[in-house]
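Heads up, the thing below is written out as structure tokens.
The values are calculated or read from the model by the stated rules, or taken from the named source; none is laboratory data. Since the model is a prediction, treat every value here as computed from it, not as a measurement. Note that each Cβ is placed from the backbone with ideal geometry, even for glycine, and that neighbours are counted across all protein chains shown. What goes into the accessible areas is simple: the full protein's heavy atoms, side chains included, and nothing from ligands, DNA or RNA. Shrake-Rupley method; radii C 1.70, N 1.55, O 1.52, S 1.80 Å.
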Amino acid sequence: MAVRFSRRDTLRTAAVAAAGLIPGAAIPSLAAPLRSSPRGGEIDAILHTRVDAADVPGVVAMAATEHSVVYQGAFGARSVGTAARMSADTIFSIASMTKLLTSVAALQLVERDKIKLDEPAARIDPTLGSPQVLDGFDAQGVPQLRAARKPITLRNLLTHTSGLSYQLWDANVVRYGKASRNDAALPRAPLMFDPDTRWAYGGSLDRVGRLVEIVSGQSLDRYFRDHILGPLGMNDTAFSLTEKQRGRQASLHLRKADGTLAPQPLARRTDPKVISGGGGLYSTAPDYLTFLQALLNGGALAGKGILRPQTVALMSTNQIGNLDAGILKTTNPALSDNVDFFPGVRLRWGLGDMINVDPVPDGRRAGSLTWAGLYNTYYWIDPASRIAGVILMQILPFADQRALNVYRLFERGIYRVHGAA
């Protein structure tokens, strides 16, 4: 069945394709040998130095073009004070990097005409119907609610313009939670604004995951295995780990007030009670880079397609107009620092990723796609330079400044080496 997009989607897709952002060449499997760079040792030295300086306990980083892996490095310990060293196959909790897989899953169903981007999502999930919007608080601090002026659509959910917002980066959500705690008549999670009027990072992709389950008739983990993970050979990516995989898992570390990092014990193995589209996956750098390469290559890798090129082009196009995106002010510094990855750079959102409208100095070009996970895991896709990268650490708080510096140094190193290769 043909993909059905609106006229607006068709025009956007044509513009991206005309700009040459979708690579057309098939690429080999990641099982192919690493294409070594004569200057790759520069990146090794950068990452090794930052680990030796105790900026991070350990890191695994990889980058690839649409043709081959151009860098792979693993440094430091999986857990401070132990002999377990980082390796390419180390397992990480990737938290909100799950959201990109959920976005792809939903867009696969759009391609199959099972769901539409701009129809009310409540037609599939009635719990999204009749949303209430927080319109402020009265003099006594009682929440003031009203009906939303527009229905929530899949496009709103994929772009974080639904009105749903996370407590961790929204003081109004915190205040509402305290005010509504003892009032069962108030909705548990009202919208913070009308759909399409603002951008706010929140639980929208959890709702997308539920839409995927309803439409497909499969649990989200099963859908991922059948339609994304299995076709791409991502065998170390899952919502729950085997005992063998747990033996390769990195520990979470907490940044203490004196700047040192304290390792936390690995959680006892349990199967997750709830599978969420917004987070919860474990993965490795090679697995996630495989996924990124498929998107960099227009939706296919080694003959295995997960999306059509025109859908990948649509994902890569600003979907929120002139709304600002990507800057977050923390409500809990122990869990997250303030977030502004690219100060002074205009940021927007596509169907699954943040997009930098302007180029980043010494790094990615304009139109690159990116996001992250709570424990300081990061990725980017740069269609213009035809390069993708992933860097994985396990640290709280999110956007930890020393971890972010490692990320920036890695990215700049990749562009120096890639540009000279």
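Structure summary
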item: Residue that is nearest to Pro286 (Cα to Cα) [pool: residues in the range 55-79 that are modelled with pLDDT under 95 and either part of a loop (DSSP other than H, G, I, E, B) or open to solvent by 40 Å² or more (accessible area, probe 1.4 Å) (or both)]; result: Ser68
item: Some residue of the range 253-270 being touching a Phe, Trp or Tyr at 6+ places or on another chain (Cβ under 6 Å) and not aromatic (Phe, Trp, Tyr); result: no
item: Unique match (being in contact with a strand residue (DSSP E or B) (Cβ under 8 Å, 6 or more places away or on another chain), over 17 Å from Arg207 (Cα atoms) and open to solvent by 40 Å² or more (accessible area, probe 1.4 Å)) among Ala139, Ala184, Ala147; result: Ala147
item: Top-ranked residue of the range 269-298 - restricted to ones that are assigned to a loop (DSSP other than H, G, I, E, B) and either among the acidic types (Asp, Glu) or touching a Pro at 6+ places or on another chain (Cβ under 7 Å) (or both), ranked as farthest from Ala384 (Cα to Cα); result: Asp271
item: Test for Ile115: is it at pLDDT 95 or above, surrounded by 17 or more Cβ atoms within 10 Å (Cβ to Cβ), among the hydrophobic types (A, V, I, L, M, F, W, C) and under 20 Å from the mean Cα position of the chain (by Cα); result: no
item: Residue satisfying condition, being over 20 Å from Leu374 (Cα atoms) and either more than 26 Å from the chain's Cα centre (by Cα) or of a type in the set (D, E, K, R) (or both), within set Thr153, Thr127, Thr161, Thr82; result: Thr82
item: Residue in the range 213-227 that is surrounded by fewer than 22 Cβ atoms within 10 Å (Cβ to Cβ), β-branched (Val, Ile, Thr), in contact (Cβ under 8 Å) with a residue 60 or more places away in the chain and in a helix (DSSP H, G or I) present; result: yes
item: Subset of the range 141-166 [out of contact with any Phe, Trp or Tyr (no Cβ under 7 Å at 6 or more places or on another chain) and at positive phi]; result: Gly141
item: Residue that is open to solvent by 20 Å² or more (accessible area, probe 1.4 Å) and assigned to a helix (DSSP H, G or I), where the choices are Ala88, Ala45; result: Ala45
item: Lone qualifier among Leu266, Leu254 - being hydrophobic (A, V, I, L, M, F, W, C), open to solvent by 40 Å² or more (accessible area, probe 1.4 Å), at pLDDT below 95 and not in a helix (DSSP H, G or I); result: Leu266
item: Gly202 being touching a residue at least 40 places away in the same chain (Cβ under 8 Å) and under 23 Å from Ala334 (Cα atoms); result: yes
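Conditions tested, residue by residue: (1) surrounded by fewer than 23 Cβ atoms within 10 Å (Cβ to Cβ); (2) touching a Pro at 6+ places or on another chain (Cβ under 8 Å); (3) in contact (Cβ under 8 Å) with a residue 12 or more places away in the chain.
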| position | (1), (2), (3) |
| --- | --- |
| Asp358 | yes, no, yes |
| Tyr375 | no, no, yes |
| Tyr379 | no, no, yes |
| Ala384 | yes, no, yes |
| Pro397 | yes, yes, yes |
| Val406 | no, no, yes |
| Phe410 | no, no, yes |
| Arg416 | yes, no, yes |
| Gly419 | yes, no, no |
